[in-house]
Amino acid sequence: MFDSGFGGLTVARAFMDLLPAEDLVYIGDTGRYPYGPRPQAQVRVFARELAWSLVKEFDVKAVIVACNTAAAAGLGELAAELPVPVLGVIEPGARALVQATTSGRVAVIGTVGTVSSGAYARAVDAMGANVELTVAACPGFVEFVERGETEGEQVTILAERLLAPVRAADVDTLLLGCTHYPYLARVIADVMGPDVVLVSSADETAFAARTTLDELGLMRQGGRDQPAIHRFLSSGDVAWFAELGRRLLGPELEHAGRWTSPPVNPH
């Protein structure tokens with residue numbers, strides 16, 4: 001599993017809770033975050049490096065792109081290229097969004113990169129659901145989370161400004177289309193009001209991963225004598241990654257290590 005930084009830890013937590021027997025390697029590309037403002041071509045290069053590293057260096061049996069921006073930029077290419085199953089967060093999130101609405105007016109918020117890609121609009125359209133979709137970019141949210149600032153006046157002011165078009169659309173369901181955003185759920189919920197349901201793709205992605213592994217016969221049959229191994233790696237400041245990661249996810253981040261991007265083409 002990989003993400004631009006800490007956001008994917010929401011997916012990691014859901015995965016670990018749902019599939020406690022499975023080993024997990026998580027790479028947070030904190031040395032190059034945020035992905036949202038970067039050109040999609042550059043994000044695709046980063047995603048390819050991370051995915052191939054997981055396959056070649058860690059011999060993983062599946063890759064979860066736990067980053068909406070990276071999934072929007074190049075999930076299809078990775079799925080076609082890698083020798084293992086590749087899952088993203090967009091389709092599971094879109095499915096949960098459509099299932100949760102009662103009024104048919106829904107919204108997705110995400111990074112500039114995710115929103116400009118049109119990935120969520122395509123995913124919702126592909127389901128054939130009769131919904132009216134509002135999509136809004138929320139630049140700045142990721143940076144607040146990466147600094148460990150998940151509440152306070154500054155975050156609230158930014159949220160009120162960025163979420164204004166979503167509130168104006170009178171939606172009843174809002175998908176947090178960036179894995180960082182669940183850490184801001186309290187602020188977002190306060191701004192949107194009690195009548196709007198917030199949907200996170202983290203749980204849905206974990207369910208999708210379980211289904212895929214089960215269907216392909218890849219589930220690990222672990223027991224108490226074979227506890228799962230969870231490894232967390234960062235391309236940036238490992239001490240900071242471990243400290244903030246412990247606050248966001250839990251003690252599993254205590255022994256975080258360093259990941260270095262491969263110096264040569266993965267092939």
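Numbers at a glance
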quantity: Unmet requirement for residue 219, which otherwise passes all of (1) under 20 Å from residue 54 (Cβ atoms); (2) touching a Phe, Trp or Tyr at 6+ places or on another chain (Cβ under 6 Å); (3) of a type outside the set (D, E, K, R); (4) at pLDDT below 95; calculated: (2)
quantity: Filter pass, residue 98 being in a helix (DSSP H, G or I), modelled with pLDDT of 95 or more and over 18 Å from the mean Cα position of the chain (by Cα); calculated: yes
quantity: Out of 39, 20, sole residue that is surrounded by fewer than 18 Cβ atoms within 10 Å (Cβ to Cβ) and free of Cβ contacts under 8 Å to residues at least 24 places away in the same chain; calculated: 39
quantity: Residues being closer than 20 Å to residue 204 by Cβ and modelled with pLDDT under 95 - total across segment 23-32; calculated: 0
quantity: Members of segment 129-160 found to be of a type in the set (Gly, Ala, Ser) and within 17 Å of residue 92 (Cβ to Cβ), listed by number; calculated: 129
quantity: Residue check, residue 63 closer than 15 Å to residue 2 by Cβ and in contact (Cβ under 8 Å) with a residue 60 or more places away in the chain; calculated: yes
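Yes/no matrix, rows are residues, columns are (1) crowded, with 16+ Cβ neighbours inside 10 Å; (2) closer than 17 Å to residue 114 by Cα; (3) basic (Lys, Arg):
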| site | (1), (2), (3) |
| --- | --- |
| 132 | no, no, no |
| 136 | yes, yes, no |
| 145 | yes, no, no |
| 162 | yes, yes, no |
| 170 | no, no, no |
| 179 | yes, yes, no |
| 209 | yes, no, no |
| 230 | yes, no, no |
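The values are calculated or read from the model by the stated rules, or taken from the named source; none is laboratory data. The structure displayed is predicted, hence computed values, not measured ones. Reconstructed Cβ throughout: ideal geometry from the backbone, glycine too, with neighbour counts over all protein chains shown.
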